1. Return the residues of region 36-60 that are out of contact with any helix residue (DSSP H, G or I) (no Cβ under 8 Å at 6 or more places or on another chain) and not charged (D, E, K, R); say none if nothing qualifies.
2. Pairs, please: C-beta under 7 Å, at least 6 apart or cross-chain, first residue modelled with pLDDT of 75 or more and in region 73-94, second surrounded by 10 or more Cβ atoms within 10 Å (Cβ to Cβ)?
3. Being within 21 Å of Lys75 (Cβ to Cβ) and not in a loop (DSSP other than H, G, I, E, B) is the filter here; which residues of region 20-46 pass it?
Amino acid sequence: MAASRISMRVATNKAYICSDCGYIYNDRTPFSKLPNDYSCPVCLAPKRRFKPYGEPVARNANSTDVRKARKEQLKKANSNLGSALPVAIAVGLAILAGTYFYLNIQY
């Protein structure tokens, strides 16, 4: 009677996406175990440019057309964030100025 082989390797479903080009890293080696000098195989972005990717990963996730479409989605999401930054800076400066004048009038 042959003993069945049990694999101790735990498969991780956690994928990571390159913020620059949309490449999805979904390999057997956990992302945290990759060396710090790991770079994206498509655009050579450093490891720190990868973010966790929560959606299910399709088999053709890194084909050129799919990756280009995902890159456009990333650009749109990042552009929305960039447009809010000047407003946040203006609000922060207004609060800072108000606090400054309030404290100078009080004391």
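1. Pro41, Cys43, Leu44, Ala45, Pro46, Pro52, Tyr53, Gly54, Pro56, Val57
2. If the second residue must be surrounded by 10 or more Cβ atoms within 10 Å (Cβ to Cβ), the pairs left are Leu74/Ser19; Leu74/Gly22.
3. So in region 20-46, the residues within 21 Å of Lys75 (Cβ to Cβ) come out as 20-25, 39-46.
Matches in region 20-46: Ile24, Tyr25, Ser39, Pro46.
The values are calculated or read from the model by the stated rules, or taken from the named source; none is laboratory data. Fair warning: this is a prediction, and the values are worked out from it, not measured in the lab. All Cβ positions, glycine included, derive from the backbone under ideal geometry; neighbour counts span all protein chains shown.
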